[in-house]
1. Confirm whether residue 218 is small (Gly, Ala, Ser), at pLDDT below 90 and buried (at least 17 other Cβ atoms within 10 Å of the Cβ).
2. Only one of these conditions is not met by residue 94: (1) charged (D, E, K, R); (2) in the same structural domain as residue 278 (by TED's automatic domain parsing); (3) surrounded by fewer than 17 Cβ atoms within 10 Å (Cβ to Cβ). Which number is it?
3. If we keep just the residues of the range 270-319 that are part of a loop (DSSP other than H, G, I, E, B) and surrounded by 15 or more Cβ atoms within 10 Å (Cβ to Cβ), which is farthest from the chain's Cα centre (by Cα)?
4. Looking only at residues in the range 238-269 that are polar (S, T, N, Q) and surrounded by fewer than 23 Cβ atoms within 10 Å (Cβ to Cβ), which one is nearest to residue 298 (Cα to Cα)?
5. What residue, of 250, 267, is in a helix (DSSP H, G or I) and either at pLDDT 90 or above or under 18 Å from the mean Cα position of the chain (by Cα) (or both)?
6. Among the numbered conditions (1) in a loop (DSSP other than H, G, I, E, B); (2) in contact with an Asp or Glu (Cβ under 8 Å, 6 or more places away or on another chain); (3) not basic (Lys, Arg), tell me where residue 61 comes up short.
7. Which one of these is at pLDDT 95 or above and out of contact with any Pro (no Cβ under 7 Å at 6 or more places or on another chain): 69, 105?
8. With the requirement that a residue be over 17 Å from residue 266 (Cβ atoms) and small (Gly, Ala, Ser), what does the range 103-122 give you?
Amino acid sequence: MKVTQLGKTLFSAAALSLAATGFALAADLTMGTTSPTSSHFTISVAMSKALEKGMGGTSVTVIETGASVDNVLRLMREEIDLGLATTNVLLAARNGTGKFEGHPVEDTVALYPYSTSVLLVAVRSDSGVESLEDLVGKKFSPGIRGSAAEGLISKSLEMFEIDANLVYGTVGDAVEGIKNRQLVGYGKYGAGSSVDSTLQELMTSTDMRLIGYSQAQADEVSAAVEGIGFTELKAGMIPGSEAILVPKSNVFFLTRTAVMDDDRAYNVAKSIHQNMDILVDAWPQLKGYDIAADAMGTINAGVPFHPGAVRYWKEATSN
């Protein structure tokens with residue numbers, strides 16, 4: 001269909017008129033997430049609904065990805081508008097370290113936080129694996145290729161010279177491999193300090209054990225990987241589990257300043273904040289979570305945020 005010059009002029013005039021009256025032409029957003037088997041995928045879908053409610057006329061497409069590192073790579077290629085990632089991946093991307101060695105994505109910035117996640121290493125109880133060192137020579141899934149879990153576990157094993165037989169694939173592949181006794185276990189970030197739905201499902205058919213880091217290992221990893229801390233999980237998190245030290249990291253939704261302008265970043269942050277009820281319905285553990293205070297806390301701690309998002313979070317916490 002041909003568009004005449006008059007038609008183009010009328011369309012432009014209509015757009016300007018909408019802008020002048022305070023309305024913006026809708027634009028779609030594409031959200032990079034993780035595996036559909038993860039609880040983080042569930043909360044991402046809820047976030048898409050919160051964004052659509054808060055940004056009237058905007059359609060949000062949620063896509064499955066390889067999680068943190070993959071999402072930053074997709075942002076770099078401008079395939080998505082925002083995606084989830086952990087603090088250490090955000091900082092590695094900006095600084096050109098770790099998976100981004102020599103290839104920094106310097107304008108990577110956070111839009112909003114939503115969780116503190118812990119990295120769980122779960123193995124079959126009959127595997128004979130009771131520490132990271134026991135993974136030597138064992139077939140083990142470190143996480144989705146390109147995920148924060150895979151990056152940190154691979155880095156840890158390399159640092160401690162633990163030569164495990166790493167098997168890559170989806171979370172579903174790992175679960176199937178464990179059930180079939182082809183793998184001794186797997187690594188995966190879980191929401192907060194709770195047992196991820198994947199592990200809950202796995203434990204219905206397989207006796208599992210959680211293994212942690214020694215204090216010396218935790219200190220070494222904390223010193224080597226920016227943005228990673230450790231926390232102690234209490235005994236009994238799963239039947240028979242002891243108290244263990246595990247890595248923890250904040251989880252954010254990220255974008256790039258080259259991909260998202262200030263006004264859109266402001267509206268994304270605002271829409272998530274003002275529609276937290278949708279997120280709580282998906283993740284009841286978020287009830288009582290003060291996302292605005294958490295956002296300002298991480299901003300003040302030096303985590304780089306999008307200027308548009310900073311503007312909103314400052315307004316939200318000053319009221």
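1. Here the answer is no, as residue 218 does not meet what is asked.
2. (3)
3. So, considering only residues that are part of a loop (DSSP other than H, G, I, E, B) and surrounded by 15 or more Cβ atoms within 10 Å (Cβ to Cβ), the one farthest from the chain's Cα centre (by Cα) is 275.
4. Restricting to residues being polar (S, T, N, Q) and surrounded by fewer than 23 Cβ atoms within 10 Å (Cβ to Cβ), the top hit is 250.
5. Residue meeting the stated conditions: 267.
6. Every condition holds for residue 61 apart from (1).
7. Within the list 69, 105, the selection yields 105.
8. Passing the criteria: 115, 117, 122.
The values are calculated or read from the model by the stated rules, or taken from the named source; none is laboratory data. Treat the numbers as computed from the prediction; the structure is a model and nothing was measured. When we count neighbours, we look across all protein chains shown, and the Cβ atoms used for this are built from the backbone with ideal geometry, even at glycine.
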